[in-house]
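The values are calculated or read from the model by the stated rules, or taken from the named source; none is laboratory data. Small disclaimer: the values here were computed from a predicted structure and weren't measured. Neighbour counts are summed over all protein chains in view; Cβ atoms, including those assigned to glycine, are modelled from backbone coordinates with ideal geometry. What goes into the accessible areas is simple: the full protein's heavy atoms, side chains included, and nothing from ligands, DNA or RNA. Shrake-Rupley method; radii C 1.70, N 1.55, O 1.52, S 1.80 Å.
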Amino acid sequence: QVQLVESGGGLVQAGGSLTLSCAASGRTSSIDFMGWFRRAPGKEREQQASIDWNVNKNTTYYVNGVEGRFTISKDNTKNTVLLQMNNLEPEDTALYYCAAARGLSWDYWGQGIQVTVSS
């Protein structure tokens, strides 16, 4: 029902910035939340941020340690969610996924996009 495509990943130097984009298509009206997850080498997938997809709401969530460096935003008209990442660290190196939730369930996932931060 919903398709998600990430873009904007790549290789950056520590301290640099990068903005990931997620384009949603299909039945986007069914989405309650949009979020970004990442899976670092040797670690489990972890949610980084989310935002209420309701056109009248902008409630956000950030995992401990990224608020102030990461900013999630949305454009309902364009069916797009962004993750602006500043002051990147090598520990941020991971495969980043865009996801869409209905209620509390993350039902739709993008294919993932690599972010690599070098020292």
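A few notes on this one:
- Tally, over region 37-47, of residues that are in contact with a Leu (Cβ under 7 Å, 6 or more places away or on another chain) and open to solvent by less than 90 Å² (accessible area, probe 1.4 Å): 1
- Exactly one residue out of 106, 53 is open to solvent by 50 Å² or more (accessible area, probe 1.4 Å), under 15 Å from the mean Cα position of the chain (by Cα) and more than 14 Å from residue 8 (Cβ to Cβ): that is 106.
- Neighbours by Cβ (under 7 Å, 6+ apart or cross-chain): first from region 11-35, in contact (Cβ under 8 Å) with a residue 24 or more places away in the chain; second of a type in the set (Lys, Arg) and part of a strand (DSSP E or B): 30/102; 31/102; 32/102; 34/74
- Within region 4-23, the residues that satisfy the criterion of being surrounded by 15 or more Cβ atoms within 10 Å (Cβ to Cβ) and in a strand (DSSP E or B) are 4, 6, 12, 18, 20, 21, 22, 23.
- Among (1) within 18 Å of residue 14 (Cβ to Cβ); (2) of a type outside the set (Asp, Glu); (3) surrounded by 16 or more Cβ atoms within 10 Å (Cβ to Cβ) - the single one residue 119 does not satisfy: (3)
- Residue within region 24-36 that is in a helix (DSSP H, G or I), of a type outside the set (D, E, K, R), open to solvent by 40 Å² or more (accessible area, probe 1.4 Å) and farther than 22 Å from residue 119 by Cβ present: yes
- Matching residues, region 56-80, being under 16 Å from residue 102 (Cβ atoms) and open to solvent by 100 Å² or more (accessible area, probe 1.4 Å): 57
- Filter result for residue 47 (within 23 Å of residue 1 (Cβ to Cβ), at pLDDT 95 or above, in a loop (DSSP other than H, G, I, E, B) and not basic (Lys, Arg)): no
- Restricted to region 81-100, and to residues there that are open to solvent by 10 Å² or more (accessible area, probe 1.4 Å) and part of a strand (DSSP E or B), the residue that is farthest from residue 20 (Cα to Cα) is 95.
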